[in-house]
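The values are calculated or read from the model by the stated rules, or taken from the named source; none is laboratory data. Note that this is a predicted model, so its numbers are computed, not measured. Cβ placement follows ideal geometry from the backbone for every residue including glycine, while neighbour counts extend to all protein chains displayed. Keep in mind that these areas ignore ligands, DNA and RNA; they rest on the heavy atoms of the full protein, side chains included. Shrake-Rupley method; radii C 1.70, N 1.55, O 1.52, S 1.80 Å.
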Amino acid sequence: MSLVAIVGRPNVGKSTLFNRLVGMRQAIVDPTAGVTRDRHYGRCEWCGREFSVVDTGGYTTNSEDVFESAIREQVQIAISEADVVLFMVEAATGVTDYDAEVADVLRRAKKPVVLCVNKVDSGEKMFDAYQFYSLGLGEIYSISAANGSGTGDLLDEIVKVLPDEPEVEDPHKDLPRIAIVGKPNVGKSSITNALLGEERNIVTPVAGTTRDSIETYYNKFGHEFMLVDTAGIRRKAKVHEDLEFYSVMRSIRAIEHSDVCVMMIDATTGMEAQDMNIFNLILKNRKGCVLVVNKWDLFIKDSNTLRDYEKSLRERIAPFTDVPIIFTSVLKMQRISDVLDAVARVYENYSRKISTARLNEELLPIIEETPPPSTKGKYIKIKYITQLPTRFPSFAFFCNLPQYIKDPYKRFLENQLRSRFDLTGCPIQIFCRQK
């Protein structure tokens, strides 16, 4: 599929246009310059032609901001990956030194360039757009990304200059989706880069560097899935900027749309209250879970440290203790492959279908030995068990008096399911229904 990269200096409206092209609020839009820090991918379809769009951070030079040099690299990578570059400028401010510098980079790139002038939302501003012919990049397209005027002509031109390619179906549509979640600065982007073997996401010591959820196709070492690196989730009380609020919402959405969540915690701080909130969010959404304790190299250890740490961690996350726990140091590349193996195993369990015959054969004798306690002199008899056709493992127990089966007995049934069928890392839901 062809790729179109949107580039330009900060705060000219690249993310607003990106959201309009992909038809959803996928990239964060805020009046603060430099909000977009990573490359953000989406899909656009126009006149029967589908192509990918990438939104980049604003291109700047000679800045002391820790993010700016990393953003420049990301823009350069996006230009090198793209089939067409959509260069965005702003009518009101006119041609700036940054614009001239980006135009110079694009001329050297020798890629098809479409020059679009944003924030042309009145007839008077149309005259301001003509000065951009001085950049020497050919025809200009005046648009307003906020209200959509002029975007039809712009898309016509993009489709015209896209390279021809055969129509193919998306091969990644049915792949498992793995979301990497956790508090800010626990190493989520670092583990994504370590798994991919490239600097896909920006990594700095500043908490909250990643503000969007970044989705990448992964196919290495016999594993194939879509990998989603999310922004760190903080407690609501600490979310002051609108910007960070959008990041948190996007991380929550990434959890909702994933199959398995790799939840990362910092070994030096342990499982804090906010980590528990994220863990409960994964449980609430019924997603598979792998717990990764990062920065294990910084933890002072003796002979029983790992065993004791794991024991206290399982006590903290009780009653859902059947979760793989991997101790890693992403910077030292320790046990990264163990994370992949655990994810693959949890996804296999998550999507496992157990036959009705086997469920009844294994569980009915145990239920007969240990039936639900009688209530108000009435005896409860479970007669039949089946797995429901849901995305996650859920089971229906058909009985004569489902209203009298209490939570402790449901936990007993869950433990029996876990002990007989490998459902490690997967939340289980049990429904009691009238036979």
Worksheet item: So, of the residues in the range 105-127 that are open to solvent by less than 60 Å² (accessible area, probe 1.4 Å) and assigned to a helix (DSSP H, G or I), which turns out to be modelled with the highest pLDDT?
Response: Leu106
Item to complete: Taking the options Lys311, Lys284, name whichever one is at pLDDT below 90 and either of a type outside the set (Phe, Trp, Tyr) or open to solvent by less than 40 Å² (accessible area, probe 1.4 Å) (or both).
Response: Lys284
Discussion item. Quick check on my filter: what residues within the range 77-96 are among the charged types (D, E, K, R) and either modelled with pLDDT of 85 or more or open to solvent by less than 60 Å² (accessible area, probe 1.4 Å) (or both)?
Written reply: Asp83, Glu90
Worksheet item: Going by the conditions given, is Ile202 within 25 Å of Leu340 (Cβ to Cβ), open to solvent by less than 30 Å² (accessible area, probe 1.4 Å), at pLDDT 75 or above and not in a strand (DSSP E or B)?
Response: no
Fill in: Test: residue in the range 318-338 that is among the hydroxyl-bearing types (Ser, Thr, Tyr) and buried (at least 17 other Cβ atoms within 10 Å of the Cβ)
yes
Fill in: Close pairs from the range 7-21: first farther than 12 Å from Val54 by Cα, partner at pLDDT 85 or above and of a type in the set (Asp, Glu), Cβ under 6 Å, at least 6 apart
Val12/Glu90
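Conditions (1) touching a residue at least 24 places away in the same chain (Cβ under 8 Å); (2) assigned to a loop (DSSP other than H, G, I, E, B), marked per residue:
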site	(1), (2)
Thr386	yes, no
Pro389	no, yes
Phe392	yes, yes
Phe398	yes, no
Arg411	yes, no
Glu414	no, no
Asp422	yes, yes
Worksheet item: Exactly one of (1) farther than 20 Å from Lys410 by Cα; (2) at pLDDT 90 or above; (3) part of a helix (DSSP H, G or I) is unmet by Ser337. Its number?
Response: (2)
Fill in: Matching residues, the range 18-57, being on the phi > 0 side of the Ramachandran plot and at pLDDT 60 or above
Gly23, Cys47, Gly48
Worksheet item: Taking Phe431, is it in a loop (DSSP other than H, G, I, E, B), among the hydrophobic types (A, V, I, L, M, F, W, C) and either surrounded by 13 or more Cβ atoms within 10 Å (Cβ to Cβ) or in contact (Cβ under 8 Å) with a residue 12 or more places away in the chain (or both)?
Response: no
